[in-house]
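Report on one structure; see the data block that follows.
The values are calculated or read from the model by the stated rules, or taken from the named source; none is laboratory data. Please read all numbers here as calculations on a predicted model, not as lab measurements. Every residue, glycine among them, receives a Cβ derived from its backbone with ideal geometry; neighbour counts consider all protein chains shown. Side chains are part of the model used for accessible areas, which takes the heavy atoms of the whole protein and leaves out ligands, DNA and RNA. Shrake-Rupley method; radii C 1.70, N 1.55, O 1.52, S 1.80 Å.
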Amino acid sequence: MHIMLKFRGPPSWHGSRSFLRSQKSSIRYDVNLNKRLASFDAPQALPKRPRGKSWFWYPATFLALTGAGYYAYENHQPTRHAVLATLRCSQLAQAAISGAIDYKRTFARTYASEDDRLEAVSQCHVRSATKVLNALLANGGIYIKLGQHIASLIVLPREWTSTMAPLQDKCDATPYEGIAALFLSDMGQPINELFDDFDPVPIGVASLAQVHVGFHKASGKKVAVKVQHPHLVEFFNIDINMVQSTLGWIKYWFPEFEFTWLGEEMRENLPREMDFVHEARNTAHAVADFENIKTSLYIPEVISANKRVLVMEYIQGGRVDDLAYLAKHNIDRNKVALELTRIFNRMVFMNGWFHADPHPGNLLIRPASKSSKSPYNFEIALLDHGLYFDLERELRVNYSRLWLSLIARSSPTVDADRRKYAELVGNITSDLYPVFEAAITGRLAPDGIIEADDEPKSDIRRATGMLDMASQTEEEMELIRNTVAQGDILVSVLDVLRRLPRRVLMVMKLNDLARHLDHSLATTHSSVRIFLITSKYCMKAVWQDEKCRFREGGVGFGSLLGSAWAFATAYSKITFIELMMDWQASLVKSSAWLRGFYLKGLAGAHDAAAGLY
């Protein structure tokens, strides 16, 4: 800074004093300026926030954010869906990926003995299945349905199917308030205006719906009211997307664990099962298919149908595999097993349109009334008609020819037919054929299920055809379980699942149900007996196809006569074998009756013949 001094005349005391004041002021100004300039170079201290208010700002901010999040969750549907999708997907993905890693590690280890390896693989199955089960239960809704699908995959290891089996009955009920609100929104009326004595406690709860009992005012009948869980519609799309996304990521990281087809099947079929109007149409179709057939099948009447509420005739009965109930009403358990097999085989091979969700929970049995068209003293009520599959003629006939080749004794021609029709029916190549055949029959393949090359072959006698099969031994069941436990065989099983058309898989599921019920009912006939019924319906399907081809000009009259002769002779042979097996079964029951009579008198004889001990 430059200071200019001007003098006018000689200096005086006054001028000198003014100069000094000016000099002092300039010096003070320079000192203050230097202090300010120096302060820019020194570190700047942040202003101190008053400590007295910090306890207020942090909790207030937290509460504000929490409140905003809660408001968005409750009132903004996309936010709620995003939160729930993240939680549900993470639970399922964690369980699935953890299980896949567990398998990788288990198969990669070396073991001191084969028994140790089999035990380790079995424990890995249990661990992985339990993780997935817990995730499905935590998510509920359609995730329960996913578990039910897994439980029905008969070629999976026993540990998986048995772990998932409780999902058939283990579902949470919707509270009565939610059911009442659904009636108001969908039916436009409260429950008490439609029904008398509507029981708020459901008699059955499934993954998609629950069933209540009441008296329908309009018809005056006691009815079963099937009501869909209200939350399913809201979360259906997000849940399906999450299931498919999770299965897709599993396939990406672990290509051998390929289950994306399961997500695709659920996306296609679940909307049909969730539409009760569609179920009512299926029910009418099934009634028409059996209208002129002498059968013990009974299909409950549909009284009214809404998209989410279905009112049906109430059926009082017992589970079809309840031996005590059968004994109480003098119902022959052998006849029940055979009649069930006939019902489902007629659906598949004659009608080409069949119930696709068969399990014991969907079957009730009751004594036949005087007006019943049942040929026996019982009726079998088939419930839950939400999902049916059709089976086109070509696939139906090819599957029938495959089954008939399995019945025939093994020969080079028969073996070639088996592989030919396996490829036509299920895209099954020769290397996967033994696994496929074991899945269809529940037995070792006649030419040997895949076994490790470095291990001795099993000395269990293999049948050359299904008619040659004796009762399945514990040794044979153990060999099948141990073989499936091998890593490479498990991959083959998953490959079979991927290749099979869904309709063929459902037909196999029906076969497995028939085998399971035949075992649960403790029947006295041979385990091959139900196979014979399937064979007769396959023969009918092939003969029916031959007649259609003749009418269409595809075969000549001579060929038709040859087919008629082959059908008649083979059908008669099977019928004769059935009579012999039924006679042997009656001898076994008579022997049990005599043993029970000797031990406990008439009551003991009745119970022993009924299979109660």
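Exactly one residue among Gly558, Gly554 is in a loop (DSSP other than H, G, I, E, B) and either more than 16 Å from Asp321 (Cβ to Cβ) or touching an Asp or Glu at 6+ places or on another chain (Cβ under 7 Å) (or both), and that residue is Gly554. Scanning segment 387-411 for residues that are part of a loop (DSSP other than H, G, I, E, B) and touching a residue at least 12 places away in the same chain (Cβ under 8 Å) turns up Leu387, Leu391, Glu392, Ala408, Arg409, Ser410.
For segment 161-182, indicate whether the set of residues that are part of a helix (DSSP H, G or I), in contact (Cβ under 8 Å) with a residue 12 or more places away in the chain, among the charged types (D, E, K, R) and on the phi < 0 side of the Ramachandran plot is non-empty. Within segment 161-182, not a single residue is part of a helix (DSSP H, G or I), in contact (Cβ under 8 Å) with a residue 12 or more places away in the chain, among the charged types (D, E, K, R) and on the phi < 0 side of the Ramachandran plot.
Inspect all residues belonging to segment 207-224 and state whether any of them is surrounded by 15 or more Cβ atoms within 10 Å (Cβ to Cβ), under 19 Å from Gln168 (Cβ atoms) and in contact with a Cys (Cβ under 7 Å, 6 or more places away or on another chain). Checking segment 207-224: at least one residue is surrounded by 15 or more Cβ atoms within 10 Å (Cβ to Cβ), under 19 Å from Gln168 (Cβ atoms) and in contact with a Cys (Cβ under 7 Å, 6 or more places away or on another chain). Restricting attention to segment 315-349, the residues that are closer than 15 Å to Thr523 by Cα and either free of Cβ contacts under 8 Å to residues at least 12 places away in the same chain or open to solvent by 50 Å² or more (accessible area, probe 1.4 Å) (or both) total 4. Among residues of segment 405-420 being out of contact with any Pro (no Cβ under 9 Å at 6 or more places or on another chain) and among the polar types (S, T, N, Q), the one that is farthest from Leu395 (Cα to Cα) is Ser411. Just one residue in the set Glu392, Glu455 is at pLDDT 90 or above and acidic (Asp, Glu); that residue is Glu392.
Can you confirm whether segment 166-174 contains a residue that is in contact with a Cys (Cβ under 6 Å, 6 or more places away or on another chain) and within 20 Å of Ala93 (Cβ to Cβ)?
Of the residues in segment 166-174, the ones in contact with a Cys (Cβ under 6 Å, 6 or more places away or on another chain) are none.
No, that holds for no residue.
Across segment 584-613, the qualifying residues are those that are touching a His at 6+ places or on another chain (Cβ under 8 Å) and open to solvent by less than 20 Å² (accessible area, probe 1.4 Å), and the one among them that is nearest to His525 (Cα to Cα) is Ala585. Pairs linking a residue in segment 578-606 that is within 23 Å of Lys536 (Cβ to Cβ) and at pLDDT 95 or above to a residue that is open to solvent by less than 80 Å² (accessible area, probe 1.4 Å) and of a type in the set (Phe, Trp, Tyr), with Cβ atoms under 6 Å and 6 or more positions apart or on different chains, do not occur. Whenever a residue of segment 94-112 is among the β-branched types (Val, Ile, Thr), its partners that are open to solvent by less than 60 Å² (accessible area, probe 1.4 Å), lying with C-beta atoms within less than 7 angstrom and at least six residues away or across chains, give the pairs Ile97/Ile250; Thr106/Ala120; Thr106/Val121; Thr106/Cys124. When segment 350-392 is limited to residues that are surrounded by 20 or more Cβ atoms within 10 Å (Cβ to Cβ) and of a type in the set (Asp, Glu), the one that is farthest from the chain's Cα centre (by Cα) turns out to be Glu379.
In segment 275-286, the condition of being of a type outside the set (A, V, I, L, M, F, W, C), farther than 18 Å from Asn362 by Cβ and open to solvent by less than 30 Å² (accessible area, probe 1.4 Å) is met by no residue.
Of the residues examined, Ile331 is one that is modelled with pLDDT of 95 or more, under 30 Å from Glu578 (Cβ atoms) and not in a helix (DSSP H, G or I).
Looking only at segment 102-120, residues that are under 26 Å from the mean Cα position of the chain (by Cα) and open to solvent by 50 Å² or more (accessible area, probe 1.4 Å) come to 1 in all.
Filtered by the rule that a residue be under 25 Å from Thr341 (Cβ atoms) and not in a helix (DSSP H, G or I), segment 569-613 gives Ala610, Gly611, Leu612.
Here's the yes/no breakdown for (1) in contact with a Ser or Thr (Cβ under 9 Å, 6 or more places away or on another chain); (2) open to solvent by less than 30 Å² (accessible area, probe 1.4 Å); (3) farther than 21 Å from His385 by Cα:
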residue	(1), (2), (3)
Leu167	yes, yes, no
Thr174	no, yes, yes
Phe183	no, yes, yes
Asn237	no, no, yes
Leu262	no, yes, no
